[in-house]
Structures are given as structure tokens and as C-alpha cells.
Amino acid sequence: MSSRSDDPDNADVIVVGAGLAGLVATYELARAGRRVLVIDQENRNNLGGQAFWSLGGLFMVDTPEQRRLGIKDSYELALQDWLGSAGFDREDDTGGRYPEDRWPRQWAEAYVRFAATEKRDYLHGLGLRITPIVGWAERGGHDATGHGNSVPRFHLTWGTGPEVVRVFAEPVLAAERRGLVTFAFRHRVDEVVIEDGVAVGVRGTALSRTPQDEGLARGRASTRDEVGPFEFRAGAVVVTSGGIGHNHELIRRNWPVERLGQPPATMISGVPAHVDGRMLEISERAGAHIVNRDRMWHYTEGIVNWDPIWPDHAIRIIPGPSSLWFDAVGDRLPAPNFPGFDTNATMKAILASGHDYSWFVLTQSIIEKEFALSGSEQNPDITGKDLKLTVKTRLSKGAAAPVEAFKEHGEDFVVADTLAELVAGMNKIARGPQLDVEHLERQIVARDREVGNAYSKDLQLMAVQNARAYFGDKVSRVAKPHRILDPAHGPLIAVRLNILTRKTLGGIETDLDSQVVRADGSPFPGLYAAGEVAGFGGGGVHGYNALEGTFLGGCIFSGRAAGRALARDLAQGRTQGSA
Ligand SMILES: Cc1cc2nc3c(=O)[nH]c(=O)nc-3n(C[C@H](O)[C@H](O)[C@H](O)COP(=O)(O)OP(=O)(O)OC[C@H]3O[C@@H](n4cnc5c(N)ncnc54)[C@H](O)[C@@H]3O)c2cc1C
């Protein structure tokens, strides 16, 4: 099959990628009465892309939910945290270096303002609701101006990722029924068509659409069987194709060795196979400027999914602060590398051991209160908006059923009554050195001794006390301090933690309208980019580190910017392809 449409009137705008960023851009354009062609290499079942699988955590600032919990937040505090985390340092062009952080810093200020003002109302107006307990993610553990959230800001969507998708997909599907939006699923874009320096369309390959292809369930890796070429044209092209998280080769090529150490030999995939990064190179070939390629956000608490959906499927443990964290050699990680504190610093500490995995050692009491698993399918209570089940899962005794299932079936878990048995089990699944039980015991006993000490100098225990000062953590996230080796809190549990690939922090450079910027700094006529492929805006709004819950919001903010800018320009007859 070859489909061809070179009538520019067929669509005002082409959107490449039906993930969250693409849906938001399409929603804004359709709202303004514009015709949109949305192209995606996957089938219709995958509408919404990665966002469907997400936990639906949203970074917001100074909300009613925070205020109800006594959390004092403000734009100024959030911006201080954001800039302390981002560490933008590529802003001047001295020495001939291109100022890659010029747009990201502007995006950061605009995005934090959005999170502190319009974001909640915009989503609320679409029907999205959030749960009452605000989470405290990525705490940092440095000084006030360093990396991390000074206060809890992780707002969990009631309905998790599928709900974030729903509130944009429903109006887009309604616009499809009205004839404003057309989808071309199973169409893979291979080229952005540029004529006289203007983006005027895309070319690519139609992929097979057998009943098997069309019926393939969401998230499953699809075939790349080719059927024939296609070409579509429009007044503008918006690239919303996601990041590079399932392309381990590309991750290794861009890995910042000098900052984090050698790339891990073993990585497991926290994103579906369609997150292949191809459109970055395709956009670059068309003349887009890719910046901050070496900035990425992968997690150090990855476990192999015993019930996988996509190839190498990994799940991230979102941990509370109490588990003891050891590197592959068996040395406790130095402060502030506590669970949930500083993702990149922990990555560096783990890789410094010369190995690509690490260990949690904890108790049954800790797993029950502190282990959450990222992913909509791992949280059926909140994803299903089931109030009764949510209260039961989150507040009653015992670990959540998905956590228990991992404990029972997961290949990374060891459960034992004594430390000697635990270490013997850890040594069976270690990819590196055999651990010495006495070495581990010395460190755990020393830490346990501090539990009864009101003046402890153990920074992790101090951090646990600090967390428990927050009502939300005390009731649902942080176990009462106890001795790890106290059998009353057993059995003992060890988890082998792998490096899990996830987010791309750099990408296509864009201005505040999400219009692509060329290497010489000029706007690229007709070409826009949003979401993860654009580093969530500007080519790297996060800088070096994220504050969490910032990615879905980044797709929303940058997708909205692209849609609104194009709607404005089309109304004034100003897009280049239609000029
Ligand atoms: C398990 C999980 C949990 C997460 N939890 C959170 C969270 O709690 N909070 C948060 O903020 N973020 C979270 N995230 C991150 C967030 O979901 C993603 O960063 C975001 O959804 C990316 O959206 P996107 O639209 O940019 O890209 P994607 O969702 O990747 O969509 C891109 C689309 O483009 C298509 N495409 C790519 N290349 C081509 C091509 N050449 N031709 C045609 N189509 C193409 C793909 O098939 C895909 O459908 C999570 C992610 C995962 C996987």
C-alpha cells in the first residue's frame, strides 16, 4: 500500500507521535478548529504512548492539596529547587561552545511558573483529579540551593497514567469523529520534507496492518514489516516522537562517562520498544539542532518484571527512605545516596564500584510501608479509581499485592530469616563479587545501634526522622525506625537493583513556542517539537537532574505551546507551509 497526499489543504498540521505531547498539541489545534493529521508507527491500541503506563505523578507548586497538608510552597522556592537541580552551565559561547542552555533556562522559568499557576486549573478543567496525599520525591539531601525538592510536590493523578491520557484523548477522538483529526497508525516517519528551508511534510514507510498487527495489545513490541512508502504534506510539522529509553545502543553512545562513570553493561528497559529515538536523527538530518544529548534520567532501582509486557520490561521501585543501600561489593553507599534522594549521584556511586547493580537490604516492615512500584498496571487501586481498594492497599497492614507478587516471583528478590541465609541467596544472583556476610553484618549492626540513639549521627536515620515529620510520609510512606536485624520486623529481604533506562533530558532545541531552533539560533520555518524528543521543552528544561513528576507536565506544557502557537499563526495566515 502506498498512500500519498500532497494537497496541503488536507491537514493544517502534521503531528508525528500519538503520545501525550502529540495528543496535547492536537487537542489545542482541534480546539482552535484546525485540521490535524496524527501519524504513529504503532497501532491505535497504543494511543497515548508512554503516558498510559506512567504513574501519573505531576509536579505542581503551592496547590490546595499541599496547603491542606501544611506544606508551604511557592514559585520562588520551586524555582530555587529547579535551578539547583538543573545546574545549567552551558549558557555562554566563550571558547566557541554553543550555549545549549540558553532556551532550557527560559523553559525552566516558564514551566515552574506554569506548575505554580495554571497547570492545576488547566487539568482540572479537563476533568483530571488528584489524590489528597502529596508525595515527596527526589529529596536531594544537599544544601538549600542544591538538588532536590525542599517540600513534597509529587501530585498523583486519580486514575494514574491512563487518566492523564484520557482527558486529552477523549476530545481528540471527538474531533476525529467531526473530521478535524485524522490518524495514520502503523505509519513510520523516516524523513521530514524540507523545501526552500521550510518543513512542508513527512515521508516514511507504511507498516503492515494484518489483523494480528491491528489487534496487538498496548505496549507489546510490534513488527516492522514494511508495506510501502507514504508522503503527507501540511502547513507545519510537529515532532512528538518521545525519547531514546529503549535504544540501549544510543544511550551508551551518549552516556556521560566523565560525570557518571562507564555505562552499565546490563540495563533493563523502563519504557516500551517504540521509544527508539529514531526521530532525533531524522530531525537532525532535516536541520534541527539537537542539544544536551549527554543528559538523561535513568533509575538505579530497577527490577526485572516477572510478568513482562515489552522486551526487557523493567519496573522501578519508588522507595521510601529506610532500606539500607549497598554497592555490589557490599559497602553502604555514602550520604546522601539514600533511597529516593538523588538519582544521578546514586548512579555515580553505584558505577564507581566497577559494577552495574546494587542491593537494598530491608525488613518486611519496611517493604510493607515503603515500596511503591512505578507504572499504572502496578497500582490497580488508584488506576482503577477504586477508593475502597486504595484505602485498604495504602493504609492497612501488609504490602500491596503487586509488591508481594514481586517478592514471590521476582528474580531480583531474596527473602530469609537470618542474615547468613540472606547473603547466601544474594550471592546466588550476584552478577559480580561474592558478598562477605561479616562485612555486611558489621555495617548493619552499627546502623541498628543508632536506632535507639536520640542524637544519631547516621544521616540516613536523621533523614527518616525528617520524613516522618511530614504527615503524608508518616501515614503512608515511611516505616517507624527499627533495627534491621530485629526478627520482630522480619523476614529480611534483599533486592538486586539494576539500572533501568527511562527518560531523555536533552533533545531538539526549541523556543518558547516549541518552534525548532536551527544551529545558528534562527527559528526553523514550519518545524516544531514537543515532549520528550524536545527534552520536554527547549532541548533540556531539566538540565542535569529532574525533580520528578515533571515529565508528563513537560509534555503537556510543551505540547500546549506548540498547539497554541500554531493555532495563532494559522489564524494570522503565518505558517510557512501554508503561506
Ligand atoms: C512506567 C512509566 C512511569 C512513568 N511515570 C511518570 C510519572 O509518574 N510522572 C511523569 O511526569 N512522567 C512519568 N513517566 C514519563 C512519561 O510518561 C513520558 O516521558 C512521556 O509520556 C513521554 O511522552 P511523549 O509524548 O513525549 O512520547 P511517547 O509517549 O514516547 O510517544 C511518542 C510516540 O511517537 C511514536 N513515534 C516515534 N517515532 C516515530 C516515527 N518515526 N514515526 C511515527 N511514529 C513515531 C511512538 O510510537 C509513540 O507512540 C513515566 C514513564 C513510564 C514508562
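Remarks
- Whether a residue is surrounded by fewer than 14 Cβ atoms within 10 Å (Cβ to Cβ) and not basic (Lys, Arg) was assessed, and residue 384 does not pass this test.
- Residues of the range 285-311 classified as more than 26 Å from residue 337 (Cα to Cα) and either within 13 Å of the ligand (Cβ to nearest atom) or in a strand (DSSP E or B) (or both), total: 7
- Condition check for residue 282: of a type in the set (A, V, I, L, M, F, W, C), surrounded by 15 or more Cβ atoms within 10 Å (Cβ to Cβ) and in a helix (DSSP H, G or I): yes
- Entry remark, the range 118-138: residues being under 16 Å from residue 471 (Cβ atoms) and within 21 Å of the chain's Cα centre (by Cα) number 5 in total.
- Within the range 352-389, the residues that satisfy the criterion of being among the small types (Gly, Ala, Ser), more than 16 Å from the ligand (Cβ to nearest atom) and not in a loop (DSSP other than H, G, I, E, B) are 358, 365.
- Residue ID - nearest to residue 228 (Cα to Cα), chosen from residues in the range 162-191 that are β-branched (Val, Ile, Thr) and within 10 Å of the ligand (Cβ to nearest atom): 189
- Among the helices (runs of 4 or more DSSP H) confined to the range 13-126, the ones with at least 2 residues that are hydrophobic (A, V, I, L, M, F, W, C) are located at 20-31, 75-86, 102-116.
- Test for residue 329: is it surrounded by fewer than 19 Cβ atoms within 10 Å (Cβ to Cβ), assigned by TED's automatic domain parsing to the domain that holds residue 493, among the aliphatic types (A, V, I, L, M) and out of contact with any strand residue (DSSP E or B) (no Cβ under 7 Å at 6 or more places or on another chain): yes
- Only one of 392, 348 that is within 30 Å of residue 505 (Cβ to Cβ), basic (Lys, Arg), in the same structural domain as residue 312 (by TED's automatic domain parsing) and not in a loop (DSSP other than H, G, I, E, B): 348
- Some residue of the range 175-184 being farther than 30 Å from residue 41 by Cα, over 19 Å from the mean Cα position of the chain (by Cα) and assigned by TED's automatic domain parsing to the domain that holds residue 231: no
- Taken over the range 139-164, the residue count meeting the criterion of being among the polar types (S, T, N, Q) and over 18 Å from the mean Cα position of the chain (by Cα) is 2.
- Test result for residue 140, in contact with a His (Cβ under 6 Å, 6 or more places away or on another chain) and surrounded by 18 or more Cβ atoms within 10 Å (Cβ to Cβ): yes
The values are calculated or read from the model by the stated rules, or taken from the named source; none is laboratory data. Just so it is clear, the model here is predicted, and its values are computed rather than measured. Positions of Cβ are generated from backbone atoms using ideal geometry, with glycine treated the same way; all protein chains shown enter the neighbour counts.
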